[in-house]
Amino acid sequence: MENIALPDTNVSDFAQARRAAVDKAGEVLARPVIVAWKDDNNGKSAPEIPGGKGDRWHDYGESNEGVLELQVGNTYHFIFMEAEGFVEPDINLASLEDHGTKFLCLNDACTQEDLEKLGYLGGGLGG
């Protein structure tokens, strides 16, 4: 897996860090999809793995076709997969937009706020 560290310049929260990671992933991958993430500020990560501790989010990202890991500052971590070449749409994907930037994430890697915007009810995976 390729690893890229981005400085945390002008990043004050998760949304800004995710936007920076998505922008950079778009430079490296044709169709980046967020597979997993971790926010060290609040200890949240996605997907939430029942009983999972430590770096289970990272293990999940690696074992689910993660090809790019982006770290924003020392606080925010994102794993992306490449969706280029996928023939059938994956119903487990959510198409999101954040301040004009469109991107994809696995439903389990979406935040609760993302899922609410999309109209998903229940569970609340990913924080």
Quick one: count up the residues across segment 23-47 that are surrounded by 15 or more Cβ atoms within 10 Å (Cβ to Cβ) and out of contact with any strand residue (DSSP E or B) (no Cβ under 7 Å at 6 or more places or on another chain).
-> 1
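Give the residue that is nearest to Ser45 (Cα to Cα), with candidates limited to residues of segment 96-127 that are small (Gly, Ala, Ser) and modelled with pLDDT of 75 or more.
Applying the filter and picking the extreme gives Ala109.
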Which of (1) buried (at least 17 other Cβ atoms within 10 Å of the Cβ); (2) in a strand (DSSP E or B); (3) out of contact with any Phe, Trp or Tyr (no Cβ under 6 Å at 6 or more places or on another chain) is the odd one out, the single condition Gly61 does not satisfy?
-> (2)
All conditions in (1) surrounded by fewer than 17 Cβ atoms within 10 Å (Cβ to Cβ); (2) assigned to a loop (DSSP other than H, G, I, E, B); (3) of a type outside the set (S, T, N, Q) are true of Val11 except (1)
One residue from Ala20, Ala25, Ala46 being under 19 Å from Glu116 (Cα atoms) and at pLDDT 85 or above = Ala46
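The values are calculated or read from the model by the stated rules, or taken from the named source; none is laboratory data. Bear in mind that the values here come from a model prediction, so they are computed numbers and not experimental data. Ideal geometry is used to build each Cβ from the backbone, glycine not excepted, and the neighbour counts take in all protein chains shown.
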